[in-house]
1. Can you pull the percent of chain A's accessible area that's carbon plus sulfur, 1.4 Å probe, other chains left in place?
2. Roughly what % of Cα-Cα distances in region B:432-486 sit above 16 Å, to the whole percent?
3. Accessible area per residue for the protein assembly as shown in Å², computed with a 1.4 Å probe and the full protein assembly in place, what is it?
4. What does the charge dipole of region B:327-485 about its Cα centre add up to, to the nearest 20 debye, if the Cβ of each Lys and Arg holds +1 and the Cβ of each Asp and Glu holds -1?
5. 5 Å is the cut-off here: which amide hydrogens, built 1.01 Å from N in the peptide plane, fall below it relative to A:A281, excluding neighbours closer than 5 in sequence?
6. Label B:D68 and A:E139 with points 7 Å out from Cα along Cα→Cβ: what is the distance between them in nm?
7. In Å and on Cα atoms, what radius of gyration and Dmax does chain B show?
8. How much of the accessible area of region B:178-316, in percent, comes from carbon and sulfur atoms when a 1.4 Å probe is used?
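The values are calculated or read from the model by the stated rules, or taken from the named source; none is laboratory data. All of these numbers come straight from a predicted model, not from anything done at the bench. Positions of Cβ are generated from backbone atoms using ideal geometry, with glycine treated the same way; all protein chains shown enter the neighbour counts. Surface areas here come from the heavy atoms of the whole protein model, side chains and all, with no ligands, DNA or RNA. Shrake-Rupley method; radii C 1.70, N 1.55, O 1.52, S 1.80 Å.
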Amino acid sequence: MKKIDLEMWVMPNASFKTGLTFGQELKHFSKKYPHINVRIKVHTWSSAWRLIMKAVRTKKGPDVFQLGSSWVNTLAYLGGLADISKPVEELKKKDFFSPLNKQMEESFKEEKIYSLPWFMDTRILFYRKDIFKKAGLKEKDIGNWDSFQKACQKIASLKIKGKKIYPLAVSGAKSWTLIHDIAPWIWSGGGEFLNFRGKKISFQQRESLKGMKFYFDLVRAYGSKIALKQNMGKVMEDFFIYGRCAMHFSGTWVFSAFLNPNSHLYRAEIAQNIGIALPPAGPKGRYAFLGGSNLGVAKFSKYPREAWELISFLTSPSSQLRYTKAISNLPVHSKIFDAFFFEDKQLAEKFKQICSYGKMFPPVFSWGIIETIMMETLAEIFNSIRKGRYTENLLKKEIKKISSEINFVLSL
Amino acid sequence: MAKESLNKYSEKLRKVSKIFRYTEPDLEEILKQVLAIGFSTLRFDWMEILLWDSERKVLEVKVVAEKDGIMEGEEEIFISEKTDPRIIVGLGREKCIVRKKKGAEGFFSIKSGNKILGVLGINNRLSGRNIKEWQISLLKEYAEEIGVGIGNLELLLKEQMQADKFKALSKIGMALVGQLKLENRIKIILRSVIKHLSIERVKLYLVNEEKKVLQGTMSFDLRGKFHVLKEVYSLKKKTHPEVFMVMKKEAQEVGSFGLVFSIPLKVEKKIVGFLVADNIFSRERIKKEDIEYLKLFAQQASVSIENARLFNDVERLSLTDGLTGLYTNRYFRKRLGDEIVRTTRLKTKLALAIIDIDYFKSYNDSYGHMVGDRVLVDLAGIIMKNIRQVDFAARYGGDEFVVFFPSTSLEGVQIVTFRLLRAIRKHYFLISGKKIGVSVSMGFAIYPSNARNKEALFRKADKALYRAKSQGRNQACFYSETLDKK
């Protein structure tokens, strides 16, 4: 058989050496397809988009892309991705995809399919069982906005070993996950980022502001002041190791890093003390942020069939299980979900439940820049909390300021 | 270390300059080869080359060498991380930083002239080995070679790019000369912006002085497709604030991320339109040099578009009647001929109407030619208002008008006729405080039922008009064979 060289671009996930971790997974592919040699290029998340766009523009680049789930629409619109509807159709009959969330299934209702989901990520509410016990709280006590606030109030009055306990550990203004943390509060308050046609911003409307205000008020009143100034590592330390914070929203990788017995960060006494809760329900329901990565074949690939073989292999249950375990993201395949959690059915069930409340960002092709504009403003608001300048008026003013800029972007 | 051995290493490292000179100008590939030479010669546990992304203000780890091989970097160090030794060296606060003890590490600036391009980093953290003086001097030499190589490469690429863009500008000029139509000229301009500059999408808006509106014309983007813009914004009422963001007197950034630029198209200081270029898809700032080229494109575009508009005006004037704004008889006949071909192919019907103003001469005689002209203008307006968008009206000559109604049945024409007659009957002119009405007679013929060709169709419609007039005017008559017998 003729030897074929494929190139694939991937991005790093959490703190793993992606080139090596993914290289290991590709060895399994090479066994099955010895005539296909895959060259990997690892690009940082911040440079990947620029490079992918350059590839689409020049029609020179890899055969297969890893894509952030919100990137697919833009690339499909620009004609950078090959239509893989036909081969996916065959896979669909085998009930390949996760029934975990409706939105992923929704994408298959489109006329053409340009990518396959590879793995997903959601924001999870972790809590310290030891602090909850001291405060006389249970998981059900943080089930909705009101009870969540009351629980925070209770925790704030606690002192453990003479030290003040912060109800919330937040990731700080510089965190790129800030918008992922705020999104569920906006949605459960009845708000949206954009209107239903995706043509105008809704971020500044009453319902959206309500969710943002609720979140920022929580951060101001109950957020860990140390964590506000510090980096992610400090947040993790405060929450997991020293137990100075009672609750923390974070990604699934935290689970694999701290709760997985195979991780070098695992400590049984800490792991036993960490619980996972559903996101609190707001006046308009319960929502969790859902994101992840997809795989797509470049339209300009010289070997589309082989490129399809590669993404078909990587999204197969066995490959997905190995790789998601290695990089600590959630598989999109329902059959392997339990295995991902080391057969801990209760834990798997909890994650499934969280994902069932999952919602993605609006699928508009200018979402990338809209997210950047929003992030800058949210970071400003976050900083105003740190500096003690935050007020509801400031929040409204800042959001209003970016509305016309976002509407302008949407009008282009 | 013996001088010969040092020379041997030094010679090996000098291969770096050859790689820069003789390899295809792909910086990433070159850096991989360059680092491979350094890694195999100097044998540290870890080596990395970082380069500045000056726009984003980050040091990007471009390539990494370790025991597992040569790989692309996965890390970025932000300028704000002030205590990171790579930032210290990268900003030129120190020429190099070397920690000689066990598990040694070192950072050396990569420079081209006085400009710091990046940092070369090494360490022996894995083996715990220290670093020797001769290694430090070799590393400095090596970093210098890399700096010179990158500097030359950047210069080469810049010169190439400039030459390409100037060539593009002259090509565009040539292409524009060969096109007279406004639409074609706009297409050439938009396509050239995307082809020759690092711009992803470009839109062209034109100012319509007559209607006091800003009109979107076309957009073109990375997909290589033109998209007709239907946007029309009033220049008087600022109902669309986002549109007024692009209306700048000089080339200016729109928004705060450097992703959108608006460049006014000026002819003798008068703004005739705007080119709006954006990189919304990639979120990459539009480069300064691209803005300069956009301005040059805009200069060419302004004159070229204005000329095309003048050509359009001349063309329009030869096709339209100066008084009423309706098409001329000559153009009407040409369009009617085309429409008859289409009607035959589609096996549908077409109606032709000749409209004559009753006693028009008396208006001229009694009130003067000015009033007569006003009657003609008003009537043309009424006709245009009451026919469908697909129908085609013209001034036939003197006080006669013609209209053809494609793809229509007899019933359809009757409805329009009724509407038209009613509108004309309702209309009056105020002359010296006196209300004066106007009436018309209309003759209709249908193709292919009444006639087999254009000339015959005119004859039959004329017969029907004659009948309407002879029956007392202020009415419409349809052709029938009985008219021939009479």
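1. Numbers: 9270 of 18270 Å².
So the carbon and sulfur contribution to the accessible surface is 51 percent.
2. Values: 672 of 1485 pairs.
Cα-Cα pairs in region B:432-486 separated by more than 16 Å: 45 percent.
3. On the way: 43990 Å² over 898 residues.
That works out to 49 Å² for each residue.
4. With only Lys, Arg, Asp and Glu charged at Cβ, the dipole is about 300 debye.
5. A:N144, A:W145
6. In this crude label model, B:D68 to A:E139 measures out at 3.6 nm.
7. When restricted to Cα atoms, chain B yields Rg and Dmax of 37.7, 125 Å.
8. Numbers: 3420 of 6830 Å².
That fraction is 50 percent.
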